[in-house]
Amino acid sequence: MYASLSLRSVLGAMLVVALLPMIGHAQNQNTELQATIRGAILSDPRTSSLSQTQIDSIVSVLAQEAEKQGITSEDIQWRPQNAEQFASGEAVPAGAACAGGFLCTMSEAFGFVGVDTTIPFTLGAASMGLVWILAEMIHRRRHPVVVRTPPTAV
């Protein structure tokens, strides 16, 4: 009886200790999200006429909705690294664009973007392996032996 009670209390204490960082992290994310939203609201000149209580209520409503949708403060603060590139309609970042090399151009022709040629080489090796297997099958194929029997006289 005492052993199971002490085991339960130890397991309960371990569970509480394990859950405390998660609860603290969630509260930290919530305050960070609220601070980010507050900063974004206060940076807008149209909100200068709002009172502090109005801003607090707007921040709390927006933070609750952001938590429901899974939006973090990093999502709100994210900015593209090169805005001109996206404005010009380029879908590929400038660092990942091909420099005109043959392998890079062929990778782009097959739909791979960037200079990493691991996937195209792997697919090429797999294709060559399949061609080799098919060639071996054709080469080693045994033709059926046709046995000709002499016609019988009736």
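The values are calculated or read from the model by the stated rules, or taken from the named source; none is laboratory data. On a predicted model such as this, the values are computed, not experimentally measured, just so you know. Here the Cβ is made from the backbone with ideal geometry for all residues, glycine too, and neighbour counts use every protein chain on show.
Would you confirm whether or not the range 8-19 contains a residue that is under 29 Å from the mean Cα position of the chain (by Cα) and at pLDDT below 65? Yes, that holds for at least one residue. The number of residues in the range 32-65 being in a helix (DSSP H, G or I), out of contact with any Leu (no Cβ under 6 Å at 6 or more places or on another chain) and surrounded by 10 or more Cβ atoms within 10 Å (Cβ to Cβ) comes to 22.
A quick yes/no check of all residues on (1) under 30 Å from residue 40 (Cα atoms); (2) β-branched (Val, Ile, Thr); (3) at pLDDT 85 or above:
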| position | (1), (2), (3) |
| --- | --- |
| 82 | yes, no, no |
| 86 | yes, no, no |
| 98 | no, no, no |
| 102 | no, no, no |
| 125 | no, no, yes |
| 136 | no, no, yes |
| 139 | no, no, yes |
| 148 | no, no, no |
| 152 | no, yes, no |
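Looking at 112, 121, can you tell me which residue is under 22 Å from the mean Cα position of the chain (by Cα) and of a type outside the set (S, T, N, Q)? Step by step, each of 112, 121 is checked, and only 112 is under 22 Å from the mean Cα position of the chain (by Cα) and of a type outside the set (S, T, N, Q).
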